[in-house]
Amino acid sequence: MPQNRRPLIAGNWKMNGLKADGQALAKALGEQMRAESDPVFDMLVCPPFTLIANVGETIDGSGIALGAQDCHPADKGAHTADISAAMLRDLGCQFVIVGHSERRTDHGEMDQEVKAKAEAAQASDLTAIICIGETEHQRDDGKTFDVVKTQLTGSLPNSSDSSNTVIAYEPVWAIGTGRTPSNDEVQEVHALIRDGLSQALGDDQAAAVRVLYGGSMKPENARELIALPDVDGGLIGGASLKAEDFWAIAESCT
Ligand code: 13P
């Protein structure tokens, strides 16, 4: 976590929370953030679509950013039940997660579609958080580097830069399992991603793009993960649903 990249602590609430839950969580985080005079991190929450407007109102003015968990590649049209990047922007979102492994698995999303979604996000002035990561099987077969590199190259729009793009490395086998790669394993994949960004976007942009780690990040392991040279924060699932835990993770940046 070098000085030139401000850590981003991002909560992916996934398909969790009814109105009262979302509001309570957002309120607690908003109060914490308002009480922080000079936070050294950026904080982001990505509620389910149903809660975005409500959470947005609750955190308004707190300094916490608002995001969504997916968008459609088109800006409008006959796409029943889908949501466009422009609609998210209109609700006050600044970020959108694309290509999460749960989207890749549950909805068969491939790199090309993820890239199109990231392009749509960038075109609507949203920062795309592009998720990549290997399955357990791929890791066991020694294919982690190949998979991560291929997903990065295939999912990253040419229009990407440090202002409109964040990469999240999420080993699929670490998501929601309580297991994490060793610090060395995390750092080596993040360094590989940084190298891939250099090839795609040039050294200056690669040095400025934030690369988050995601997968069973919690207060107990956040400090050491975020301290790794090429880790610039976290994309947090389970632990982002408890204000106390999510805040403790953010405090690990200090
Ligand atoms: P967990 O933190 O629950 O492992 O989830 C990580 C994740 O998928 C964030 O996008």
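Of 181, 100, 132, which is farthest towards the positive pole of the chain's charge dipole, taken about the Cα centre with +1 and -1 on the beta-carbons of Lys, Arg and Asp, Glu respectively?
Of the listed residues, the answer is 100.
Considering amide H positions built from the backbone, and no H for Pro or chain starts, which residues 5 or more places from residue 210, or on another chain, come under 5 Å of its amide H?
It is 167, by chain and number.
Work out the length of the dipole vector of region 74-221 about its Cα centre, built from +1 on the beta-carbon of each Lys and Arg and -1 on the beta-carbon of each Asp and Glu, and round it to the nearest 20 debye.
260
Gap in Å between the Cα centre of region 188-216 and the Cα centre of region 141-184?
Answer, in whole Å: 9.
Among 192, 44, 234, pick out the residue whose Cα is farthest towards the positive end of the charge dipole of the chain, where Lys and Arg carry +1 and Asp and Glu carry -1 on C-beta, about the Cα centre.
The one lying farthest along the dipole's positive direction is 44.
How far apart, in nm, are two points set 7 Å out from the Cα along the Cα-to-Cβ line at residue 24 and at residue 254?
2.5
Along Cα→Cβ, 7 Å out, is where each label goes; now give me the distance between the ones at residue 16 and residue 78 in nm to one decimal.
Here the modelled spin labels are 3.9 nm apart.
For region 48-100, with only Lys/Arg (+1) and Asp/Glu (-1) charged at the beta-carbon, what is the dipole magnitude about the Cα centre, in debye rounded to 20?
The calculated dipole for region 48-100 is roughly 60 debye.
Can you tell me how much longer the chain between residue 53 and residue 205 gets when fully stretched, taken as 0.36 nm per residue apart minus their C-alpha distance, in nm with one decimal?
The residue 53-residue 205 span can extend by a further 51.5 nm.
Please label the shape of region 74-133 as rounded, prolate or oblate, based on the square roots a ≥ b ≥ c of the eigenvalues of the alpha-carbon gyration tensor (a/c under 1.5 means rounded; beyond that, a/b larger than b/c means prolate, else oblate).
oblate
PRE reach from residue 183 (point 7 Å along Cα→Cβ): which of region 195-223 fall under 17 Å by backbone N?
Counting backbone N atoms under 17 Å from the label point, the list is 213-214, 217-223.
Using the Cα centre as the reference, give the magnitude of the dipole from point charges on the C-beta atoms of region 170-218 (Lys, Arg: +1; Asp, Glu: -1; all else neutral), rounded to the nearest 20 debye.
280
Mind ranking 81-92, 151-162 by how tightly packed they are, going by the mean number of other C-beta atoms within 10 angstrom, highest first?
The densest-packed peptide leads the list: 151-162, 81-92.
If each residue of separation counts as 0.36 nm, what is the full-extension length gain between residue 223 and residue 110 once their alpha-carbon separation is subtracted?
My answer for the length gained is 37.4 nm.
We did not get these values from a lab; they are worked out from the coordinates using the rules stated. Computed from a predicted structure; not experimentally measured. As a convention, Cβ positions derive from the backbone with ideal geometry for all residues, glycine included, and neighbour counts pool all protein chains shown.
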